[in-house]
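Worksheet for the structure shown next.
The values are calculated or read from the model by the stated rules, or taken from the named source; none is laboratory data. If you're wondering where the values come from, they're calculated on a predicted model, not measured in any experiment. Neighbour counts are summed over all protein chains in view; Cβ atoms, including those assigned to glycine, are modelled from backbone coordinates with ideal geometry. Remember, those area values only see protein heavy atoms, side chains included, never the ligands or the DNA or RNA. Shrake-Rupley method; radii C 1.70, N 1.55, O 1.52, S 1.80 Å.
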Amino acid sequence: MNTKTFALTIENGRLIIPSEIENYLINCSDNIEVSLTIKSESNLANTWADWFEEVEKIEPINNNNKSNKYEDLLIDKYKKQGLDL
């Protein structure tokens, strides 16, 4: 199988396929394979991946033993209104 490499461009978030590629594909046999490799100068994807990985490692804080004054006041308020909590 012959291999040919083309450069594609992106405009407004859309992949632009040049006519050179379209013409090449028209002249190919039906048995073709296309692969796409994306290279980016931005580290944003890696930064988010690292952030999510770190968040997954965070231990949950257990506040069950501490009384939350706001929570207690809110529950009392709803109980006074007749709600069964």
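Residue count for region 52-65 under the criterion of being open to solvent by 100 Å² or more (accessible area, probe 1.4 Å), modelled with pLDDT of 75 or more and among the β-branched types (Val, Ile, Thr): the result is 1. Could you tell me whether any residue of region 29-51 is among the aromatic types (Phe, Trp, Tyr), surrounded by fewer than 10 Cβ atoms within 10 Å (Cβ to Cβ) and at pLDDT 80 or above? Within region 29-51, not a single residue is among the aromatic types (Phe, Trp, Tyr), surrounded by fewer than 10 Cβ atoms within 10 Å (Cβ to Cβ) and at pLDDT 80 or above.
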